[in-house]
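One structure is given here, and the rest of the page talks about it.
What follows is calculated from the coordinates using simple rules that are stated; it is not laboratory data. It should be emphasised that the depicted structure is a prediction, and the values quoted were computed from it without experimental measurement. Note that we place each Cβ from the backbone using ideal geometry, even for glycine, and neighbour counts take in every protein chain shown.
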């Protein structure tokens with residue numbers, strides 16, 4: 001059988017499980033895929049290796065993900081959902097958070113996604129047609145940051161919220177790479193706190 005013809009003829013979406021065992025299995029498969037892609041790259045990672053890493057039969061992997069592209073797209077969607085969920089947690093508390101706590105929450109957000117972002121970078125680097133997704137992720141994060149700042153200070157002008165979000169995003173990205181150096185990370189954390197303090201009056 002011609003494998004390329006087979007793939008063209010079976011352009012199916014990933015299967016979304018409804019029951020808890022299926023969801024747990026898919027979560028394990030995605031975790032295995034992310035770790036392997038981060039280690040080896042997208043092209044070098046095989047479906048068989050992903051199934052083996054997850055302790056699953058390869059048939060189970062294909063049941064949920066008809067091909068590696070569908071699996072990659074599921075990983076990208078999952079990463080986007082994690083970003084939304086993480087910011088939702090910050091935004092729920094933003095209005096009452098001290099500036100120092102808000103600065104720490106934003107910096108820790110990027111550090112918390114460090115391992116997942118390795119797989120995402122490998123995925124997006126492997127496929128030129130996915131390159132626009134990089135800008136989509138950055139734009140989404142900037143919107144989340146600007147919204148968080150506005151929730152913290154409703155009177156903040158939109159253009160100032162956007163400009164401040166750009167600066168904070170650069171600090172957040174830097175923290176992701178500097179977090180393993182405690183002294184440097186401490187300096188960056190203090191710098192970010194002071195920067196936000198200069199933008200917001202202290203809460204009384």
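Observations, loosely collected:
- Our summary of shape: the Cα atoms of the chain have principal axis extents of 69, 34, 33 Å, ordered from largest down, in whole angstrom.
- Helix 182-199 and the longest principal axis of the C-alpha atoms of the chain enclose an angle of approximately 60°.
- R0 of 35 Å, Cβ-Cβ distance residue 39-residue 147: FRET efficiency to nearest 0.05: 0.50
- Each of 60, 96 was scored by other Cβ atoms within 10 Å of its Cβ. Listed from fewest to most, they are 96, 60.
- Residue of 175, 97, 110 that the Gaussian network model of the chain assigns the largest fluctuation, springs spanning Cα pairs under 10 Å: 97
- Whole-percent P(r), segment 14-66, all Cα pairs, 10 Å bins from 0: 27, 57, 15, 1.
- Treating r as the C-beta distance of residue 88 and residue 191 and R0 as 25 Å, the FRET efficiency rounds to 0.40.
- Gained length - residue 108 relative to residue 47, 0.36 nm times residue gap less alpha-carbon distance: 18.7 nm
- Given their separation in residues at 0.36 nm each and the Cα-Cα distance between them, residue 125 and residue 69 gain 18.8 nm when the chain is fully extended.
- Helix axis angle, 114-126 relative to the chain longest principal axis, alpha carbon, degrees: 60
- Considering only 108, 180, 125, the Gaussian network model of the chain with Cα springs below 10 Å gives its largest mean-square fluctuation to 180.
- Length available on full extension from residue 101 to residue 139: 0.36 nm per residue minus the Cα-Cα distance, which gives 11.3 nm.
- Here segment 45-96 and segment 102-136 have alpha carbon centers that stand 13 Å from each other.
- Highest GNM mean-square fluctuation among 173, 23, 118, for the chain modelled with Cα contacts below 10 Å: 23.
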